[in-house]
Structure formats: C-alpha cells, structure tokens
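Any read-out appearing in this document is the output of simple, stated calculations on the displayed coordinates, not a laboratory observation. Not measured: the values here are computed from a predicted model. Here the Cβ positions follow ideal geometry from the backbone for every residue, glycine too, while neighbour counts run over all protein chains shown.
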Amino acid sequence: MSTTPASRIVTGVDFVSVPTRDVERAAVFYGETLGLRRSMYKPERNFAEFETETVTLSVVNPERMGIGSFQPNRNHLALHVEDVRAARAELESRGVEFHGDVLDTGVCHMAFFDDPEGNALMLHHRYAPRVPEG
C-alpha cells in the first residue's frame with residue numbers, strides 16, 4: 001500500500017521517552033554530563049525534557065507517573081555528534097564509561113555507553129551519504 005500525503009497520519013516524532021527511577025540524577029547526566037539543553041524540569045511531576053535539535057528526550061519515572069514499571073531501554077538511542085572520537089574523549093573526561101572501541105561500520109562511526117540507569121546510548125556520526133531506495 002502506498003502512502004500518499006493525503007493519507008499520511010504521522011508527521012514526525014515529538015519526543016522519545018527515556019525511563020529513570022531518579023529524575024534529578026538523570027537531569028544532571030543529560031543536562032550537565034551530555035550538555036543537552038533542558039527545556040522542561042518538573043521533578044514533582046516525575047519528568048524532565050532535553051533538546052537534541054532533532055528530537056526531545058523526555059526523561060520520565062514511569063512508576064511514579066503510574067504508566068508502568070521501570071525497565072531500562074537496551075535498544076541504543078543514537079545521539080548525533082560531528083566527531084565520535086572527540087565527543088567520546090570529552091565524555092570520558094566527564095566520567096562516562098564506554099563499551100568497546102569506536103565502531104566503524106563503513107557507513108558511520110559509533111561509540112556505545114549507558115546512562116546511570118542502564119539505558120543504552122551511542123554517539124553516532126553517519127559519514128556516508130544516504131542512498132534512497134528506488
């Protein structure tokens with residue numbers, strides 16, 4: 001089935017949820033360690049939001065919000081950087097521990113790490129152009 005603009009319902013991604021048990025600790029990590037701009041901070045409502053330029057990261061305590069139990073996301077959230085090695089070195093100087101070396105897939109560079117709750121993250125830079133399917 002072809003999707004035409006007239007039938008399209010979803011037009012983008014507004015935010016991605018990142019689960020935490022400690023909104024304050026997560027706010028320090030995403031705001032200070034990663035250096036993301038915090039756009040919303042409501043610890044009394046059990047969430048904070050951080051901007052990446054393309055999508056908002058909504059850090060939430062699902063248990064305190066009544067929307068489920070805490071389970072860290074083990075599917076890597078790819079955080080765009082211009083230079084994976086330089087960004088990794090900077091984050092290592094801020095105490096972030098990485099898993100393995102920088103990976104070069106032939107299309108992109110990636111470096112894997114976790115936030116304090118065990119959510120899987122990666123630094124990512126695609127250097128090969130995207131080739132649309134015909």
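Per-structure values
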| read-out | value |
| --- | --- |
| For the chain: relative contact order, % (alpha-carbon pairs under 8 angstrom, 6 or more apart) | 22 |
| GluC sites (Glu not before Pro) restricted to the range 1-98 and DSSP loop, no more than 11 other C-beta within 10 Å | Glu53, Glu82, Glu97 |
| In the range 67-134, trypsin sites (Lys or Arg not before Pro) in a DSSP loop with at most 16 other beta-carbon atoms within 10 Å | Arg74, Arg94, Arg130 |
| Potential extension, Val10-His99 segment - 0.36 nm per residue separation minus Cα distance | 28.6 nm |
| Rounded Å value of the spacing that divides the Cα centres of the range 10-85 and the range 98-121 | 17 |
| DSSP-defined beta bridges in the chain - what % are antiparallel, rounded to 5 | 70 |
| Cα gyration tensor category, rounded, prolate or oblate, for the chain with a/c compared to 1.5 | oblate |
